[in-house]
Amino acid sequence: MWTKHFLFLVGALCMCQVFSQDIYVAEVMVESNVTLTSESILASWRPTISLSVGSNVVTISSSELVAECLVVGEEYSCNCSKGYAWSNEVCYNYGCCTEATCLKNVSQATSICVEKFNVVINGSVQLTAGSWTSAQTTMLETGLRMMNGVGSVNITGPRLLEPAFADFQMDVYVRLDIPKLQQILNGLTVNLSSAPIYVDTKKMVNVSVKPNDTVKYETNINLACVMEEATGSAGWNLSTPSERFSINKGLQTQITTACVNEVYKSCVELIVTKVTGVWTGIYECGFTTGTIRHTASIPIKVAPLPDVITMKFSPMIVDCSGNNHSVNIIATIPKPEEEYKYLWSYNGANDPNDKETNAGKSQISFTYNRQLECEYKDPQRVQITFINSLNQKKTATVEIPVFRETAKFCKEETLNNEIWLKTPADVTLINQTCPPGRVGFKSRICDKEGMWQDVFSKCISEELSKVTDAANNFLNGLGATQEVAMNIFEGVKNSSSLSSDGSGDDVADIGASIGIIGVMANASVNIVLNEDVFPDLVDAASNMVNSSWSAVNDTIRYGMSANYLSSVETLVKNININTSEGFNSTNLELKFCSSDDCSINVFGIDVNLNKTNGTMKTLGVKNLMEKMKNDKFPGRNRSSILLSATLVGNSDSDIKIKMFFPDEQPTATERLCVFWDTNKTDWSSEGCIANVTDDNQTLCECNHLTSFSVLMSKSANVKDSSILDMITNIGLGVSIFSLLIFLFVESLVWSAVTKTNLSHFRHTAVVNIAVFRLLADCSFLASTEPTKLSDTWCFTFTVCKHLFYLTMFCWMLCLSVMLVHQLIFVFSPVRKRVFMYLSSIVGYVVPIALVGTSYVYYKYKEQDYYDRKSCWLTYVRLLEGSIHAFLLPVGTIILSNLFSMVVVIVTLVKTSVPDSSKSDDKDTAKSILKVIVFLAPVFGVTWIIGFALLMLDGNNPLYEVAEYAFVILNSFQGLFILLTGCVGEQKVRQEVIRIIMAKTGKDTDSTKKLTNSSTTLYTKDK
């Protein structure tokens, strides 16, 4: 007879001087004639004894008896020590699954007994037919006890109101073999004829949190959940006394599984940033495999501070011109779990006076009465500060409007049973009282002239306010599930269906609904939504555009419509679709196409798109176009349908979409396909071409996808500009070459032709005109194809053209003023230093200042300084658009130069009168013609044709004549400057010929034969 003893020996393995902690199983055989117990054997081994294990030396640091077997012949009797249980390997391979003696030879098992580990399993069973009976109870318990280490099993069923359901709870004292548990559950599902059996386990998962005590308000929480076994999906939940939320990725939450390692094969981390009171509760993490979910939970308390502080005061404005200067302020917060310290202050000074407190069921109010100090000229501010247990503070401040005697003010007025007190001009008055069932405020502006404007309501329904809170939580990651999303869209639909006339509180509800749609659109970027939300979303969005939104001004209406379109488009793009082909409502129609050749119809608009993969989502919206901003194409009629096309899951580099808009304005002679530019919040026609089909439909072909529509007008100005483009390019090329020659010639003859002050003045001005015309022409040529330029280069060339053309005209002004001064004040010539100083200011400083201030102005007004389509200044309408920062100074300079030309002509005519008996009238006419020919290019007079183009209608026959004249005369302006500045200038010609003769060695005396008797261009040098 002999006995085998199995021991756990915990020792230190020393090999190559590298230490690691390992557990070894030792098998000890004791002969039958030896009367030794396992405990005596273990006691005989000193704690420092070393054993040789192969090539390694093991030092025993501690030992413990885990299992003991008595073997008599072929009969085995094995037991686990106290605190240990049979391993899953022994249970499922040898059938020893309870604490009873095992009669099998388990010596070959890798792990015989394991330390007990308590696990709790909860689950429920739903029969597919019939009611739960005792037979099913027996069958269920029998199946569950096939697991290893099962302790108690408690089955309750059927449920009182659900007879097909039964619930169970069981205790297990070993770590679960998850695949085996799933196998048992699957077998029970078949045997019981039930739906899949879902169970939750506890204590298989460990959860930790940092910080591990009370969390400060608006700080971060870091939680980690780990499990040794590999599982499938992982997730987090938060439970409060009244609600349970799923936690997903959001603005405040980050979830990652990057913490998985060799020890913990399942891991999920949660980071919550800037936590507030809503994040207090019990956090539960879970790992799911099949129908088994392993959970762990931990409570977290956030040191509370009010998440929302609502400040109200009465009266709406304090009349400091009267005797009563008192004001009553009420601060309302959600009722906290613990009391705060609080402190009122007035104009920065703490007020120790007693205050009133009024606690309700869900809120608590703090009341403060104060006599305002009317002599205090700065804004009157009242502030309340709340202090929590960690000495953190949160404040809310309200500014009390004050009325003092003033020249302009709005008189007291009663409107719709609401009293609006007298208010200073240019002040907005807030009425924080809303009708029953609504929350928010109303505002009314007393304008600069002391006239009341319409009341603007921000009072929204209480139900919609709750939906807004739910949407914000959804965006933050709290309660972000498909079910919650459907509830939110249902709430928006119900609220929007009540809005009818688009006035007052109705528009406030619509604005809040658009805000909720926007929040959900932002949330859809991180949280997956499926097509089940579409019906309520489409109905809600359709209801919102039913009315005209007439209760708000254009600025607010444009903002609402832009947000509406952007939010709906984003949701349509991000929401996943499965089998649906589309949804429709009164004002919205949504259709999907997954085939390669898409051809669909939305509200009578045929849409065609060829693609290789992906899904096209097409949305048609009625009653939205008239609410959209349209500054870029004013005066044009709009199509009644706005079409939005989105392509998801597509890898095509080139997209071409065709849209056939129905004929809504038969008399229209111009049709323009436009898309909504979200960056500029206005319509743009870039990348789209409009054609008219045989049946008078508008065919829009675009190389991109977005929101499209058609703009129509009765007057068309669509010409083939290829000829004009060719003339422009040739003219600019000739001008650039001519200006380079002119500047080269000027550098050669400069010292010879600038010997007098007058000639120096004249040539300085003309050279500056030529230089900046050259730079402007180069910038113009470089930007002739705006679509190939980046935004930065387009902006750069716009600024360059604006600056260089203005500088050129400013030097033209210097030249004309100098000429007039010389003619009028013959004996009072301008000193050289004075001329250079004044002309430098006019020629350099003034244009830089004009360009800089115009850019800053339009940047400040949040308007476009330049047009991306043309890389030039913008024109909206008369006196609107940055183009006027060019037209107005240029027009002023041209008028001044025209006046100078008239002065020169009049002077010529007067000087010819005394000699009329000796001179022919033809000579006078020739002189006048010379003046016009020679001065017009350098005075920029030809640009006056451009102003005529602005005033002429596009259908006027003179328009095309003026357009060609403007292009020809101004694109070749550089050539005209060369002809008048070099060829037509006698001194320049003589000096050039002299230089040529000197270089060739010919007789310079003969140069006079090659010149004529032409005088200088402007007047004789003095």
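Here are the numbers:
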| quantity | calculated |
| --- | --- |
| Among the candidates Phe780, Phe761, residue that is closer than 27 Å to Asn897 by Cα, of a type outside the set (A, V, I, L, M), without any contact (Cβ under 8 Å) to a residue 60 or more places away in the chain and surrounded by 20 or more Cβ atoms within 10 Å (Cβ to Cβ) | Phe780 |
| Any hit, region 465-477, residues being in contact with a Phe, Trp or Tyr (Cβ under 8 Å, 6 or more places away or on another chain), within 19 Å of Val568 (Cα to Cα) and at pLDDT 90 or above | no |
| Index of the failed condition, Asn358 passing every other in (1) farther than 13 Å from Ile384 by Cα; (2) surrounded by 16 or more Cβ atoms within 10 Å (Cβ to Cβ) | (2) |
| Region 594-603 - residue that is closer than 19 Å to Phe661 by Cα and surrounded by 13 or more Cβ atoms within 10 Å (Cβ to Cβ) and, of those, modelled with the lowest pLDDT | Cys598 |
| Qualifying position, being within 30 Å of Ile577 (Cβ to Cβ) and in contact with a strand residue (DSSP E or B) (Cβ under 7 Å, 6 or more places away or on another chain), among Gly491, Gly477 | Gly477 |
| Qualifying residue in region 994-1011 (condition: acidic (Asp, Glu), surrounded by fewer than 17 Cβ atoms within 10 Å (Cβ to Cβ) and modelled with pLDDT under 50) | no |
| Val525 being without any contact (Cβ under 8 Å) to a residue 40 or more places away in the chain and surrounded by fewer than 20 Cβ atoms within 10 Å (Cβ to Cβ) | no |
| Per-region count, region 125-141, residues more than 19 Å from Tyr173 (Cβ to Cβ), over 56 Å from the mean Cα position of the chain (by Cα) and not hydrophobic (A, V, I, L, M, F, W, C) | 5 |
| Phe809 being surrounded by 23 or more Cβ atoms within 10 Å (Cβ to Cβ) and touching a Cys at 6+ places or on another chain (Cβ under 9 Å) | no |
| Flag for Gly440 being within 32 Å of the chain's Cα centre (by Cα), among the small types (Gly, Ala, Ser) and more than 30 Å from Lys301 (Cα to Cα) | yes |
| Members of region 440-463 found to be farther than 23 Å from Thr555 by Cβ and buried (at least 17 other Cβ atoms within 10 Å of the Cβ), listed by number | Ser461 |
| Which numbered condition Ile384 misses (of (1) at pLDDT below 90; (2) in contact with a strand residue (DSSP E or B) (Cβ under 7 Å, 6 or more places away or on another chain); (3) under 24 Å from Leu305 (Cα atoms)) | (1) |
| Residue, surrounded by the fewest Cβ atoms within 10 Å (Cβ to Cβ), within region 642-663, restricted to residues that are at pLDDT 80 or above and hydroxyl-bearing (Ser, Thr, Tyr) | Thr646 |
| For Val621: the one exception among (1) over 23 Å from Ser547 (Cα atoms); (2) assigned to a strand (DSSP E or B); (3) not small (Gly, Ala, Ser) | (1) |
| Filter pass, Asp501 being at pLDDT below 90 and part of a strand (DSSP E or B) | no |
| Counted residues, region 632-641 - those being in a loop (DSSP other than H, G, I, E, B) and of a type in the set (A, V, I, L, M, F, W, C) | 1 |
| Search result, residues across region 187-201 that are surrounded by fewer than 17 Cβ atoms within 10 Å (Cβ to Cβ) and among the small types (Gly, Ala, Ser) | Gly187, Ser193, Ala195 |
| Per-region count, region 348-371, residues modelled with pLDDT of 90 or more and not in a strand (DSSP E or B) | 0 |
| Strands (runs of 3 or more DSSP E) contained entirely in region 50-163, each with at least 3 residues that are crowded, with 20+ Cβ neighbours inside 10 Å and in the same structural domain as Ser40 (by TED's automatic domain parsing) | 56-72, 84-86 |
| Selected residue (criterion: nearest to Thr792 (Cα to Cα)) from residues of region 847-873 that are touching a helix residue (DSSP H, G or I) at 6+ places or on another chain (Cβ under 9 Å) and of a type in the set (Lys, Arg) | Arg868 |
| Meets criteria (surrounded by fewer than 19 Cβ atoms within 10 Å (Cβ to Cβ), of a type in the set (Ser, Thr, Tyr) and within 17 Å of Asn623 (Cα to Cα)) for Ser548 | yes |
| Output for region 418-431, where each listed residue is more than 31 Å from the chain's Cα centre (by Cα) and closer than 20 Å to Glu399 by Cβ | Trp420, Leu421, Lys422, Thr423, Pro424, Ala425, Asp426, Val427, Leu429, Asn431 |
| Any chance Glu229 is on the phi > 0 side of the Ramachandran plot and part of a loop (DSSP other than H, G, I, E, B) | no |
| Any hit, region 905-925, residues being over 43 Å from the mean Cα position of the chain (by Cα), assigned to a helix (DSSP H, G or I) and modelled with pLDDT of 80 or more | no |
| Spans of strands (runs of 3 or more DSSP E) in region 243-306 with at least 2 residues polar (S, T, N, Q) | 253-256, 281-289, 292-300 |
| Tally of residues being loosely packed, with under 11 Cβ neighbours inside 10 Å, among the small types (Gly, Ala, Ser) and closer than 21 Å to Lys394 by Cα across region 310-355 | 2 |
| Only listed residue being assigned to a strand (DSSP E or B) and either at pLDDT below 85 or buried (at least 17 other Cβ atoms within 10 Å of the Cβ) (or both), chosen from Lys591, Lys629 | Lys591 |
| In region 340-360, the residues that are free of Cβ contacts under 8 Å to residues at least 40 places away in the same chain and within 39 Å of the chain's Cα centre (by Cα) | Tyr346, Asn347, Gly348 |
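The values are calculated or read from the model by the stated rules, or taken from the named source; none is laboratory data. Since the structure is predicted, the reported quantities are computational estimates derived from the model, not experimental observations. Positions of Cβ are generated from backbone atoms using ideal geometry, with glycine treated the same way; all protein chains shown enter the neighbour counts.
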